[in-house]
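Right, one structure below, let's go through it.
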Amino acid sequence: MIHLNKRINLSKDVATHNLKSLGILENSSQVVVALDASKSMYALYRDGQIQALLERLLGFAMAMDKDKSFDLYLFGNQAVKLKPLTEQSIEDYVSREIIGTHKINQATNYAPVIESVNNDFFGTKDPVLVLFITDGDASDKKDTQAWITQVCRQPYFFQFVGIGNEQFAFLEKLDELKGRPVDNAGFFKARDIEKLSNDELVSSLLTEYPLWLKTAKLK
């Protein structure tokens, strides 16, 4: 079994390599993770898959984020902001900070967490990459679409990641949403995200972000 720090560093090394190849400066963005806490996700929290994913995302954030950490939000009926994930806090984070502490929700509402991100980062000068991880399409599609459109001129890019067997028709629609001066959302589907290699995961997370960086600076 690979030691925790080694797993994180392996992910960081892959992310650093990808950033260089894409012409993105290291530690030049802020990384945020929005994590689905609906009922259908509960098994993934319990069996360690979410913990393993957060460890890999920490390595990714250590290459991208100037604070070498990331902010974490849970969303279900509403959104809640948790303690940042760092090298010091990552061990057993899910069991310590999420399971038994935060209620698993029935609904999968995207809009409250998008609104929370906007409230917390409005006015920032640094680009913000929001990794939005869910196993189901939004329960509040109209509100979500309105928020994505409303914040499209802010320096946030929402990279939606659909996991599991859902078709994600709404996320595909958001990816191509019309009426935005800046395309501020991307989407990819990973049925078994734990089976993606670090390179596959990082490459997927950064598929549309470099183009958004260039476009956002111009507009």
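The values are calculated or read from the model by the stated rules, or taken from the named source; none is laboratory data. Not measured: the values here are computed from a predicted model. When we count neighbours, we look across all protein chains shown, and the Cβ atoms used for this are built from the backbone with ideal geometry, even at glycine. Surface accessibility is based on the protein's heavy atoms, side chains included, excluding ligands, DNA and RNA. Shrake-Rupley method; radii C 1.70, N 1.55, O 1.52, S 1.80 Å.
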Does Glu97 fit the bill of being closer than 30 Å to His3 by Cβ and of a type outside the set (A, V, I, L, M, F, W, C)? yes
For Leu74, only one of the following conditions fails: (1) within 15 Å of the chain's Cα centre (by Cα); (2) in a helix (DSSP H, G or I). What is its number? (2)
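For the condition of a type outside the set (Ser, Thr, Tyr) and either modelled with pLDDT of 95 or more or touching a Lys or Arg at 6+ places or on another chain (Cβ under 8 Å) (or both), what is the one hit in Arg96, Arg153, Arg180? Give the steps one after another, and end with the answer.
On the way: Arg96 fails: either modelled with pLDDT of 95 or more or touching a Lys or Arg at 6+ places or on another chain (Cβ under 8 Å) (or both); Arg180 fails: either modelled with pLDDT of 95 or more or touching a Lys or Arg at 6+ places or on another chain (Cβ under 8 Å) (or both).
The match here is Arg153.
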Among the residues of the stretch 111-144, which ones are more than 19 Å from Tyr209 (Cβ to Cβ) and in contact with a helix residue (DSSP H, G or I) (Cβ under 7 Å, 6 or more places away or on another chain)? Ala111, Glu115, Asp135, Gly136, Asp137, Ala138, Asp140, Lys141, Asp143, Thr144
So, in the stretch 8-54, how many residues would count as being within 13 Å of the chain's Cα centre (by Cα) and part of a helix (DSSP H, G or I)? 3
Inspect all residues belonging to the stretch 27-40 and state whether any of them is surrounded by fewer than 21 Cβ atoms within 10 Å (Cβ to Cβ) and under 29 Å from Leu211 (Cα atoms). yes
Of everything in the stretch 198-219 that's assigned to a loop (DSSP other than H, G, I, E, B) and touching a residue at least 60 places away in the same chain (Cβ under 8 Å), which residue is least open to solvent (accessible area, probe 1.4 Å)? Leu206
In the stretch 49-76, which residues are surrounded by fewer than 16 Cβ atoms within 10 Å (Cβ to Cβ) and without any contact (Cβ under 8 Å) to a residue 40 or more places away in the chain? Asp67
When you scan the stretch 79-196 for helices (runs of 4 or more DSSP H) that lie fully inside it, which ones turn up with 2 or more residues that are closer than 14 Å to Ala34 by Cα, among the polar types (S, T, N, Q) and open to solvent by 10 Å² or more (accessible area, probe 1.4 Å)? 111-121
Does at least one position in the stretch 166-184 carry a residue that is touching a strand residue (DSSP E or B) at 6+ places or on another chain (Cβ under 6 Å) and touching a residue at least 60 places away in the same chain (Cβ under 8 Å)? no
Restricting attention to the stretch 112-122, does a residue exist that is hydroxyl-bearing (Ser, Thr, Tyr), closer than 27 Å to Asn18 by Cα and touching a residue at least 24 places away in the same chain (Cβ under 8 Å)? no
